[in-house]
Amino acid sequence: MEPNRSFSSSSSSSSSSSSSGALLSGEQLIYAITIPLSTTIILANLLIILGIVWNRQLHNTPNYFFLSLLVADLCTGVALPFIPWMGLNRQLSFSSCLVAHVFPNFLFLAFLLNLVMVHYERYTCIASPLHYSRLWVHRRFPVALLVVWAPPLLYAALPAFGWNNWSAPNWDHCCPAGVESGTETETRAAPCAANATSSLCCSYRRVFPNAFIYLEVYGLVLPAILAIAGMTGRVLWITRGQLRDICRLHRSLERGGAQVSDREQRLNLRYTRCVVAVSLTFLACWVPYIIYMHVCVAFLLSETRWSSTTHIVLSCTGIGSMAVVPLVLGLANRQYTEPAGAILRKLWDRWRTRRPPPPQQHTEEIAL
């Protein structure tokens, strides 16, 4: 019996060391991917926000909506390094586990709803420009701002009010694999499996029930993405019709001239570039997140454990690519890039003026 006991202890120690090594490599992978991406998102959002705040000509309702989106995107960039941890099992208390899962989920939902509101505001401005000033979005901006921030907070906080699986009877998947009887590994993992109210096992399955995840994915996130895609496609269709009307007007005013054909070619080329840019933005920013979302739901349905590396890469790629959408919208508009460029030039000039002068000894030697 003694050799078997020594073998079980050695195997348990090797399994615990391998699990700690895997956790360490997963932590390094999370920080290696999220820190550069999060820093870029935070700095770019801060630059555009300062440009809007300092330029009084941009203080109007559409830019206020975009400013709210930039603030939500900034918060998402701050929470980005913590989002991949939501899919990994950790040793946290009940309150810490709720905060670690509820707060990033709230920021993500607020960001998504702000993005829908910005697209809706621009869509109404283009689709019905004569009635735009009489819409509730334009006249009651505080109410619209409350709509895009309060419902995400209320929905994300539902697990804190009792809609969770913290007292579920079976949480064997939260415990380390390869637990042997009578070993140190079983002693460490015993509260995770035996005591359902233990504070050691923190998993998204304990915080978010399956119904909560399905409702969020197929009732909130996917309809929001489809609404954004539909409004964008509708705006491009309206723009195409206006382009045809402009070309017809030029043809009626100047019959059969070479300049008219050149103008039409430039307008068509500009519209084609716009369509290509919108399509590439959707493919690069939304498709990775849609893939990540459906992969998560597929693994949730199959009740299988997946590699932490796969989860880290998919979550960082999906959330990070989606957080780039407001930056693309801001950098594609000159009214935002020009104030941001002016701020960068001022900072550059101040840095150049504060540089230390050359040493006096060297200049005196030259004079002698």
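The values are calculated or read from the model by the stated rules, or taken from the named source; none is laboratory data. As the structure is a prediction and not an experimental result, all values here were calculated from the model. Glycine gets a Cβ as well: all are built from the backbone with ideal geometry, and neighbour counts include every protein chain shown.
Looking at the range 324-352, which of the residues that are among the polar types (S, T, N, Q) and in contact with a helix residue (DSSP H, G or I) (Cβ under 8 Å, 6 or more places away or on another chain) is nearest to residue 44 (Cα to Cα)?
Of everything passing the filter in the range 324-352, 337 is nearest to residue 44 (Cα to Cα).
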(request) Output the number of the condition that residue 129 fails; it satisfies all remaining conditions of (1) of a type outside the set (Val, Ile, Thr); (2) surrounded by 14 or more Cβ atoms within 10 Å (Cβ to Cβ); (3) outside any helix (DSSP H, G or I). (result) (2)
(request) Please work out which one of (1) closer than 30 Å to residue 121 by Cα; (2) more than 23 Å from the chain's Cα centre (by Cα) is the condition residue 285 fails and give its number. (result) (2)
(request) Give the residue that is surrounded by the most Cβ atoms within 10 Å (Cβ to Cβ), with candidates limited to residues of the range 135-156 that are more than 23 Å from residue 230 (Cα to Cα) and over 22 Å from the mean Cα position of the chain (by Cα). (result) 141
(request) Please find, among 94, 103, the residue that is within 25 Å of residue 216 (Cβ to Cβ) and at pLDDT 90 or above. (result) 103
(request) State whether one or more residues within the range 66-85 are part of a helix (DSSP H, G or I), within 14 Å of the chain's Cα centre (by Cα) and of a type in the set (Phe, Trp, Tyr). (result) yes
(request) Would you kindly identify the helices (runs of 4 or more DSSP H) lying entirely within the range 174-265 that contain at least 1 residues that are modelled with pLDDT of 75 or more? (result) 204-207, 210-216, 222-253
(request) Please work out which residue is nearest to the chain's Cα centre (by Cα), limiting yourself to the range 87-108 and to residues that are buried (at least 21 other Cβ atoms within 10 Å of the Cβ) and under 23 Å from residue 313 (Cβ atoms). (result) 108
